[in-house]
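A.B. asks: The structure is given below, and queries will be raised subsequently.
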Amino acid sequence: MQQGIESSARIGVYVCHCGLNIAGVVDVEAVRESARSLEGVVVVRDNRYTCSEVGQKSIADDIRELMLNRVVIASCSPRLHEKTFRTLLEKSGLNPHLLEMANIREHCSWVHYDDPEAATEKAKHLVRSAVARARLLQPLSRAKGRVIPKVMVVGGGVAGISAALYLGGMGIKTYLVEREPSIGGHMAMLDKTFPTLDCSLCILSPKMVEVAECENIEILSLSEIEKVEGQVGDFRIQVRRKPRYVNEEKCVGCGDCAAKCPVKVEDEFNRNMGTRKAIYIPFPQAIPPAYVIDEKNCRYFTQGKCKVCEKVCERGAIEYDQTSYTETIEVGAIIVATGFQPYDARGLPQYGYGRFANVITSLDFERLICADGPTYGKLKRPGDGKVPKRVAFIQCVGSRNASSGDRGYESCPEMGPRAEAAEPKAYCSRVCCMITAKQAFMVLEKYPDAEVYVYYIDMRTAGKGFEEFYRRGRSEGIVFLRGKPGEIEETDDGCLRVVSEDMDSGCILDLTFDMVVLAQGLVPPHGLVELAQKMNLSRSEDGFLMEGHPKLRPAETGIDGIYLAGCVQFPKDIPDSVAQAGAAAAAAAVTCSKDTIEIDPLGPVIDAELCIGCKLCEMLCPYGAIRVELTDKGPKAKSIEVACKGCGVCGASCSTKAITMKHYTDSQLTAQAKAILEVV
Amino acid sequence: MAEQVTVDVNQAEGVLETERVQGLEQASGTCNTIEAQRVEAEQVEAEQVKVERVEVKHAVDAENAFDAEEDLGKEGAFEPVIVGFLCNWCSYAGADLAGTSRLSYPTNLRVIRVMCSGRVDPGLMLEPFLSAADGVMVLGCHPADCHYMTGNYQAEQRVLCVKALLAHLGIASGRLYLDWVSAAEGARFAELVAEFTNQVKKLGPAGCGESQEGLSREEFIRRVRVAKRVCEKEKFRWLVGRRKALLEEENVYGEKLQAGKFNDLMSFVITEECLRAAIELLAEEGPISCKEIAEVLGMPAGKVLEHTAYLKRAGLLELHDVRGQSPRYVALR
Ligand code: FES
């Protein structure tokens, strides 16, 4: 049968110039001519842009007029345009799986620009290989998968909140999963936002309330993703729900429990600068507005007796017997919005963070200057509570640190190995310049006679109103010094001596400050590696999640049905996070709007004659998608199509070679391997 | 000698058989253990892979120091042809990134896309050698990152076993190469291609007197065909497929197979199957007697006789005629 198809193959070969992207290196005409004589080839053409309307039309015309039944396109990566051309085939009445692409751009012209001759030869081979495969391609019918019109948003920061609100507003059932007791994320910790100096919580809090009130949104706080199965349209997600020990429905947030709770611990929401009780609410505007017991510190959990909170709670909301459990939730799409974590400034010991009390980070500063913070908005230095008169800001701490990052770390062996979040990063964290400009401004606003210095490498103020804001800061007397300080020393009175070279004047500056604020960069959140693995998502070199396409699919991922919003893709400011959340929500809504989704039919084909029922396939299949069942001819392997993802492990392992894979058959791959090497 | 062999055969078949029966029994439990296996594998594999990679690096470095400069400058210097099987999700994407970043690397590599490195059959790894390839690369996602969870681990098992097979046949196992490239590692991809190209350059053209193996083209092809045939053999494939589980999981009696023991078993299977494959291939060319086979292969006639008998029982050979004193066989394929 395969023979039959092979001899009747009518193949059209289209070699793309891609403007000069390919034609600038590869001799496109030569490649075209070399394909002309290949078996089964009916027509060869070259196009300036095959993906353009003109290019596509010429293919469609050929399919009709020359009765092509296979199409080979030599152009860019199939990862870019396979979908485009499959759609074209489908519209022209051909099965979309009768397309094969030869990647002569990413794998050829773009990497062999220094050797056009060899690149041309290589391109010829790639085309031969594609034609050989095309000859053996079989039409496949796509299975239809169901679509669950629900979405899960992972991460309840401003990006996750915005995405959930967009989706909820469209009437789509949305689960908002947050691992902390409250949604809000880092934005809830900020005092003001740049460049408008809006109070951060004042603009975020109404949105959080909206989430709580939206009937389509369900908040799963204190929850983490445990396992993700399934595919676009039909994901099954196991969520670990940790106990709050307080009944969310019953708690009205009166605070009687915390008032009486005997245990005081450091308050992480205030960056450990204040204290909270063992039963607490992270911040007054928290959503869900319920208290939570910190079991690590609660006297009842650690010592077995206390229960004061239970006694004082009039509503009987305290439930010590809550336990953690997993819940399985089915959704059609997932939006990952797990944000970032601030760079751990202890990774650069030359600045003394963690050793010198009055060296703080930008996030610490936000809590210090916030009216709700540990000092009720008075800028007091942590060491002695004095109001600082001279404040320095140091930029790019943990960012833009391509090579010099390690300086000094070895000299502090007592610090132990550097944590992942303390590893200085090469990239620019994008928001720190403006954060510093804002904070410097806020110091002056509160204490007009303070002296404020900013040490910077470059000021990056690209954004609406950003440059104007920065200029205003300058004109109000903030001193900007170009140059990164080498080291900070602590003086006897807790002040900090900063020595640096002023790049503009060439002078060595030796200045002493009451307080130093380090503009810490943004790094991937802890747990992202594991989450990416659970969802099969790729991470970029910087450690953040990789987008579907850097330009055109910034809110998508490589996995259909999983989308990105906010800093988990890369550091960005609040408006950009919100905008991306909108894009992700729109993409997720598109997925949910379909009745069914077509699934690539790449499963195994089992030759029951050859199968001996050895179960090797069953043991190796990661999805339980192939089983050995007893038939009247003995035990035989059987594929379970809906579970199969088409990886091909069974086919390549089968002990009797009884299994081959659709669209990646043994004969197709072998033919490809032969043709790619054919000496012409 | 002959007796020794028989005992071994029985032992080996015994192990295989028990293995299979256990496999059948355990099969139902397998799915549950996959997750645990994966987590454990992350650690174990990461270790193993690290070690391996370091070794490869050293080897390559040493070679670089050697004569890279001279060779590269020479007019008409040997330019190896390399075929790469890249998984769609990580390594192919990594190769695309090398393209978008315009990172130049040697033109020697030609890529075939597969969905997962786990799709690459042991036989497929060898196929290119039958044509003009001097080296074959299999690239997949990093451990624990495979889009299909465990495909790359299987690819690793296969490459390890096929390398052992090549080594047994006197073919430089360095012609086959496995590594991991993530979608973000365009630069790493370009480096690996350059490194491997260099490594193959050192090995010389496949099947050429001057190469490291010193095999003629004809002999090289013959051996690759033997290897390919072995890769189709049930016993070999079963062992490859079970390797990871055998070494890492405990059987129902709470025992794990020691690596050394597995290697013994594997090399025993390889030795047997190579000989059988060689006999089959000869008999495919036309009627041939045991004596002639023994001469061509340089093997003791007794051994050949034994395997010929086995192949006849297995229905792979049949008696063709009797010339003079000796019966001649042909393959049934
Ligand atoms: S998908 Fe890359 S190795 Fe499996």
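The values are calculated or read from the model by the stated rules, or taken from the named source; none is laboratory data. The shown structure was predicted, so the numbers you read here are calculated from the model rather than taken from an experiment. Note that each Cβ is placed from the backbone with ideal geometry, even for glycine, and that neighbours are counted across all protein chains shown. Quick note on the areas: whole protein, heavy atoms, side chains included, nothing else; ligands and nucleic acids left out. Shrake-Rupley method; radii C 1.70, N 1.55, O 1.52, S 1.80 Å.
A.B. asks: Can you give me the solvent accessible area of residue A:386 with a 1.4 Å probe, rounded to the nearest 10 Å²?
C.D. replies: Residue A:386 has an accessible surface of roughly 120 Å² with all protein chains in place.
A.B. asks: State whether region A:256-312 is rounded, prolate or oblate according to the following rule on the C-alpha gyration tensor (a ≥ b ≥ c being the square roots of its eigenvalues): a/c under 1.5 gives rounded; otherwise a/b larger than b/c gives prolate, and the remaining case gives oblate.
C.D. replies: Verdict is oblate for region A:256-312.
A.B. asks: Now, a different point. Measure nothing but the geometry: give the 0 to 90° angle between the long axis through the Cα atoms of A:116-136 and the longest principal axis through the Cα atoms of chain A, rounded to 10°.
C.D. replies: Its long axis makes an angle of about 70 degrees.
A.B. asks: Please identify the GluC sites (Glu not before Pro) of region B:176-222 that satisfy two criteria: DSSP loop assignment and at most 11 other Cβ atoms within 10 Å. Which are they?
C.D. replies: Those satisfying the criteria are B:210.
A.B. asks: Which whole number gives the average count of other chain Cβ atoms within 10 Å of the Cβ atoms across peptide A:534-542?
C.D. replies: 4
A.B. asks: Can you sort A:669, A:190 by 1.4 Å-probe accessible area, starting with the largest?
C.D. replies: Accessible-area ranking of A:669, A:190, largest first: A:190, A:669.
A.B. asks: Whole number in Å², please: accessible area per residue of region B:221-333, 1.4 Å probe, ligands, DNA and RNA not counted.
C.D. replies: Per residue, region B:221-333 has 48 Å² of solvent-accessible surface.
A.B. asks: Compute the separation of the alpha-carbon centres of region A:185-255 and region A:90-125 and state it in Å as a whole number.
C.D. replies: First find each Cα centre; the distance between them is then 47 Å.
A.B. asks: Counting other Cβ atoms within 10 Å, which GluC sites (Glu not before Pro) in region A:4-84 have at most 14 and lie in a DSSP loop?
C.D. replies: Sites meeting the loop and neighbour criteria: A:39.
A.B. asks: Here's a follow-up. Under 19 Å Cα to Cα from residue A:57, which lysines show up? Leave out anything in the same chain fewer than 8 places away.
C.D. replies: Cross-link targets: A:83, A:91.
A.B. asks: Then there is this: Could you pull out every one of the aspartates and glutamates with an alpha carbon less than 14 Å from that of residue A:594, ignoring same-chain neighbours closer than 8 positions?
C.D. replies: A:234, A:560
A.B. asks: What is the local net charge at residue A:644, summed over the other residues whose Cβ is closer than 12 Å to its Cβ (Lys, Arg +1; Asp, Glu -1)?
C.D. replies: +2
A.B. asks: Next question, about the same structure. How large a share of the accessible area of region A:24-104, in percent, is made up of carbon and sulfur atoms when the probe is 1.4 Å and the other protein chains stay in place?
C.D. replies: Exposed carbon and sulfur together represent 50 percent of the surface.
A.B. asks: Right, next: Can you give the net charge of the other residues whose Cβ lies under 14 Å from the Cβ of residue A:678, counting K and R as +1 and D and E as -1?
C.D. replies: +4
A.B. asks: Given the -39500 (n - 2.57) contribution per DSSP H run of 4+ residues, what per-residue ellipticity at 222 nm results for the protein assembly as shown, rounded to the nearest 500 deg cm²/dmol?
C.D. replies: Counting only the DSSP helices, I get -12500 deg cm²/dmol.
A.B. asks: Let me ask you something else. Could you order B:142, A:107 so the one with the most accessible surface comes first? Probe is 1.4 Å.
C.D. replies: In descending accessible area the options line up as B:142, A:107.
A.B. asks: Need one number: buried accessible surface between chains A and B, 1.4 Å probe, both sides summed, DNA, RNA and ligands left out, in Å² to 100.
C.D. replies: 5500
A.B. asks: If you don't mind, another one. Between their Cα atoms, which of A:242/A:311; A:389/A:438; A:144/B:233; A:615/B:244; A:242/A:307 are more than 27 Å away from each other?
C.D. replies: Flagged as over cut-off: A:144/B:233.
A.B. asks: With every protein chain in place, what's the accessible area of residue B:131 (1.4 Å probe, Å², nearest 10)?
C.D. replies: That residue has around 30 Å² of solvent-accessible surface.
A.B. asks: If the cut-off is a Cα-Cα distance under 23 Å, which lysines reach residue A:122, setting aside same-chain residues fewer than 8 apart in sequence?
C.D. replies: Cα-Cα hits under 23 Å: A:674, B:74, B:201, B:202.
A.B. asks: Which pairs in the list A:173/A:296; B:256/B:312; A:657/B:228; A:192/A:551 are over 24 Å apart, alpha-carbon to alpha-carbon?
C.D. replies: A:173/A:296; B:256/B:312; A:192/A:551
A.B. asks: Checking buried surface per residue: for region A:627-670, which residues lose a minimum of 50 Å² accessible area in the protein assembly relative to the chain alone (1.4 Å probe)?
C.D. replies: By number: A:647, A:649, A:652, A:655, A:657, A:664, A:669.
A.B. asks: Taking Cα atoms, how many degrees apart are the long axis of helix A:432-446 and the longest axis of chain A, rounded to 10 and kept between 0 and 90?
C.D. replies: Tilt of helix A:432-446: around 20 degrees.
A.B. asks: Could you sort A:294, A:595 by accessible area so the largest value comes first, with the probe set to 1.4 Å?
C.D. replies: A:595, A:294
A.B. asks: Any idea what angle helix A:466-475 forms with the longest principal axis of chain A, computed on alpha-carbon atoms, 0 to 90 degrees, nearest 10?
C.D. replies: Taking the Cα atoms of chain A, the angle to A:466-475 is about 30 degrees.
A.B. asks: With a 1.4 Å probe and all protein chains left in place, how much accessible area per residue does chain A have, in Å²?
C.D. replies: For chain A, the solvent-accessible area averages 42 Å² per residue.
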